[in-house]
Amino acid sequence: MTSSPFKTLAWSVLLGLGLMTAGSPARADTPAASKAVANDSNVLRTTLDNGLRVVIVRETLSPMVTTQITYLAGGYQTPDGFPGTAHALEHMMFRDSKGMTGAQLNEMTGKMGADNNAFTTNDATQYYFVAPSNYLDILLHIESERMEGALLTQTDWERERGAIEQEVSRDISEPEYLAFQKAEGMLYAGTGYAEDPLGTRSSFGKTTSTDLQSFYKNWYAPNNALLVIVGDVNPQQTLAKVQELFGAIPKRTLPAHAPLTLQPMKPQSIASTTPRGTGSVQFLFRMPGMMDKDNAAAQVLLDVLSNARSSLSALAVEGKVLDTSAQLQPFSYGGIGMIQVGFPKDGDAKKAEADLQGVIDDVLKNGVPKDLVDASIRSEISQAEFNKNSAVTLASAWSQSIAWMGLSSPEEAEDQFRTVTVDDVNRIARQYLKPSERVTVVLTPDNNGKRPPDSAGFGGSESFAGNDKLDAPLPAWASEKLSKLDMPKWTLSPVEMKLDNGIRLIVQPETISKTVTVMGHIDNNPKLQEPAGQEGAARLLGALFDYGSATLDRDAFHKALDDISATESGGTDFGVAALSDQFDRATQLLADNELHPALPQQGFVVQQETLARALAGEMQSPQYKMMKALRMGLLPAGDPDLRFATPKSVASVTLQNVKDYFAKTYRPDLTTIVIVGNVTPEQAKTTVQRYFGQWKAQGPKPDVISKPVGTNPAGYVVVENPYASQDQVLMGQMLELNMHNPDRFALQLGNNVLGGNGFASRLMTDIRVKHGFAYGAGSGIHFDRSRSIFFVQYGSDPDKVAPVDALVRQNLIDMQTTPIKQSELDNARQYEIRSIPVSVSSISSIARSLLEWAWHDEPLDQPMVAAKHYLTLTPTQVQAAFKKYLKPANLMQVVQGPKPEKH
């Protein structure tokens, strides 16, 4: 459960659409007819008599479905003095309702093999599920129960408050977040956008269940909601079920939407320090909102600045700054444009600011290049086709266009870009990028920081009335459907080929969109392949692929990509995504970059200095120290994986060293290429052979697999982070098995019970639900070809670390000494097997999965192979695996957090 748009994975789905969004009530002229409207056989739109807007889209890539229900109420609608009310209510919607308990919701989610979460933005709150499509009825029951029947008791609020305050502590520990929060308040002072929807610990301390109930009754009504359903469903049958479950929920009279009245703006500055290894200068400006006619032009402006050929990007290419970015964060009636450059720890922030100002001055004086405007518009329009590659991104496109933008469809949003001109973009730049109306943020790296205000621990409820609700029978509308476990339908049938030069080619044709995605991997291991004293050579080489090829310099190469609206990356992990009619040209450009990178001397010098200066600061950051301490605790002294790049090692690398590394490491006989999309296997093979076929390997294959290691000794390291308000904890242990050992399946199933199944896991139930000690806690196992690691991670207030540690260790001992319950095994088995369609439900996830399985020498139907193991495992076998491989007494623990305060 998340709140800030900059802090959520859910929000990143919307970012991927090319239109970052916030939410707000729809325009009054949004179509709303009780009669269902179907523009084509796959799309059905209607508005129920109670005002609930419904969009149903049939999408058959995978037998799964996503539901997104958006309530047009977020931070903007919260009462004065209670900025986190919408966020608090979002959390409480996962607690008890009249028709189900929160524990039942968690159990149903796990049994379905589903993913679910929610996020709160400035203007809207969305709840989403991704699940196998045969459980759509259950998803609709859940959302209809929550729309009308959330109980929102004071007892449940007291249990949840501890968790939500832990979330606040986590976010306000980041100076970057706090700076944005302050800038937001300056840009939108006196409006509903001045306060971030995350909320504050002090406001949650005075919030009561009565406050939450009032907000719920005011805003959570069918006539203030949008329900989008996308997946392998029958639209007419689905609409009938929606009508049955939601149709009787009464509409309500909604509060009036407060108009946005902006106050006069004057330039302001925010200066702060950061524990990160690099600093940044940020210019933040007001921008048009998503309901503004200029929204598309504003997005194009930020796209132009982000373009690899822009004057902003040139600052990093020329070595004047470490990196650059430009992004648009629009709300419905306003927005924030952020333009940023990075500088090293020992760098000159004033010079970086001057360089950034020079870019803005040039844009205001001379305008933006028409070529880049045209490229950005083409990219935004082509993104609509890529949105079809996933039910989730397609559903998000519908949700944002209707709920956040007040439009009728994604096509209408797409059409807005078609009318944008270079004059529009220049007008927006001159209207909004005024130095007199901006907030300047400077974040300077400094190891010495100060704990943020409003971060005192809350603690939550430390106990409540037993586990009775955790074992309650599921509602009748779910229990029967979830009682029988069937093997899911496997929808992939990839075609495997081997080129003469050793390239393994895998092709999965899909016709869900007119796009093709290519992903490749060269098996490599810099820890084993970088010569001694040249640590960092692989990273330097990776940075140089941006400079084009031997035949196309950097600008020409990126222009060629812009001309076909393709996204490309080179390196040991390489790939390109393009419209299917540009597949040949896209593959040609990819091969040219991958096989014949430019590797210019000037670019090498810039990237060498950039990496060395970035590492100098990065090595002093708490996050770097934490991960290094964990690795050093897990691995024996002298292990190759303990080789780390340093400024000194990077400085010793020459361009010839990089070229030598490229020649030895980049080999076709260690390369796998996966192609998924609107292409035939024959076409794919012909194209790859044409552009990659002349690639030849030299000499014997290198050894790229690290040697196995034994179980690590116990260890404990504290990494001080004076900026943090809570401790971040990592616990790990090396496991003496690899991914090809069948015992992995018992461990995986047991880990699902322990801490790998979200809210339904033992750790989450024990640490968050029952005690409120932490916002979240989970465990995982990473299996690899020679080494595997078990880990636990959580974040909590410092005074809660000891009790959380005790709960973690006790749960591990319990897994070893007592067989898990049959019901727990059934739940874990159901999750692992039923989630299979969800795991390969997008073009990118299909390509990524096939690639991972292939180069790890696993079968290309690996989930189905695993499912057969899961079906036969017993509680005793799971216990035996945990007893054999897990060593609680050998856990390596690293705690990153604030320095204890003196009393």
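Counting only heavy atoms of the protein chains and using a 1.4 Å probe, Y333 has close to 90 Å² of accessible surface. Distance between the modelled labels on A556 and D361, one decimal in nanometres: 3.3 nm (7 Å Cα→Cβ projection).
Take every pair of alpha-carbon atoms less than 8 Å apart whose residues are at least six positions apart; their mean separation over the length of segment 526-676 yields a relative contact order of 33 percent. Working ranking of peptides 504-514, 348-358, 380-390 by packing, defined as the average number of other Cβ atoms within 10 Å per residue, highest first, is 380-390, 504-514, 348-358. Using only the Cα atoms of segment 48-124, build the gyration tensor, take square roots of its eigenvalues as a ≥ b ≥ c, and label the shape rounded, prolate or oblate: rounded if a/c is under 1.5, else prolate if a/b is larger than b/c, else oblate. Cα axes put segment 48-124 in the oblate bin. State the label only: which of (1) 157; (2) 180; (3) 189 corresponds to volume of the Cα convex hull per residue in Å³ computed from the shown model? Given (1) 157; (2) 180; (3) 189, the calculated one carries the label (1). The separation of segment 237-256 from segment 65-124, counted between C-alpha centres, amounts to 18 Å. Once neighbouring chains are kept in place and the probe is 1.4 Å, which whole percent of the accessible area of the chain is contributed by carbon and sulfur? Roughly 51 percent, rounded to a whole number. Taking all C-alpha pairs of segment 235-351, those more than 19 Å from each other amount to 65 percent.
Cα centroid separation, segment 159-208 to segment 527-594: 41 Å. Prolate is the label for segment 569-699, because the ratio a/c of its alpha-carbon gyration tensor axes (a ≥ b ≥ c) is 1.5 or higher and a/b is greater than b/c. Computed over segment 153-312, relative contact order equals 27 percent, with contacts defined as Cα pairs under 8 Å that lie 6+ residues apart.
Once you wrap a convex hull around the alpha carbon atoms of segment 129-184, what is its projected area averaged over all directions, in nm²? List each step's numbers first, then the result.
On the way: hull surface 26.1 nm².
Over all viewing directions, segment 129-184 projects a mean Cα-hull area of 6.5 nm².
Does segment 847-903 classify as rounded, prolate or oblate by the C-alpha gyration tensor (a ≥ b ≥ c root eigenvalues; a/c under 1.5 gives rounded; else a/b over b/c gives prolate, otherwise oblate)? Don't jump to the answer; show the numbers that get you there.
Working: a/c = 3.65, a/b = 1.67, b/c = 2.19.
It comes out oblate by the Cα gyration axes.
For the peptides 757-767, 263-273, residues were scored by their other Cβ atoms within 10 Å and the scores averaged per peptide; the highest-first order is 757-767, 263-273.
Just list whichever of K489/K514; K182/K350; K206/K241; K625/K800; K98/K251; K770/K821 have alpha carbons separated by over 30 Å in the model shown. Listed pairs above 30 Å: K206/K241. Give me the log10 of I(q) over I(0) for segment 596-664 at q = 0.14 Å⁻¹, as the Debye formula computes it from C-alpha points; what are the numbers? Computed log10 I(q)/I(0) values: -0.57. Ligands, DNA and RNA are left out, and with a 1.4 angstrom probe the accessible area of segment 809-900 is 39 Å² per residue. Kirkwood radius and radius of gyration were both taken over the C-alpha atoms of segment 732-891, and their ratio Rg/Rh is 0.97.
Would you compute, from DSSP H runs of 4+ residues alone, the mean residue ellipticity of the chain at 222 nm, taking -39500 (n - 2.57) per run and dividing by the full residue count, rounded to the nearest 500?
Numbers: 33 runs with 365 residues, N = 903.
Computed mean residue ellipticity for the chain: -12500 deg cm²/dmol.
Computed with a 1.4 Å probe on the full set of protein chains, the accessible area for E411 sits at about 100 Å². I172 exposes around 10 Å² of accessible area when a 1.4 Å probe is run over every protein chain in place.
The values are calculated or read from the model by the stated rules, or taken from the named source; none is laboratory data. Note that this is a predicted model, so its numbers are computed, not measured. Counting neighbours? That spans all protein chains shown, and the Cβs are built from the backbone with ideal geometry, glycine included. Just the protein is used for accessible areas: all its heavy atoms, side chains included, with ligands, DNA and RNA removed. Shrake-Rupley method; radii C 1.70, N 1.55, O 1.52, S 1.80 Å.
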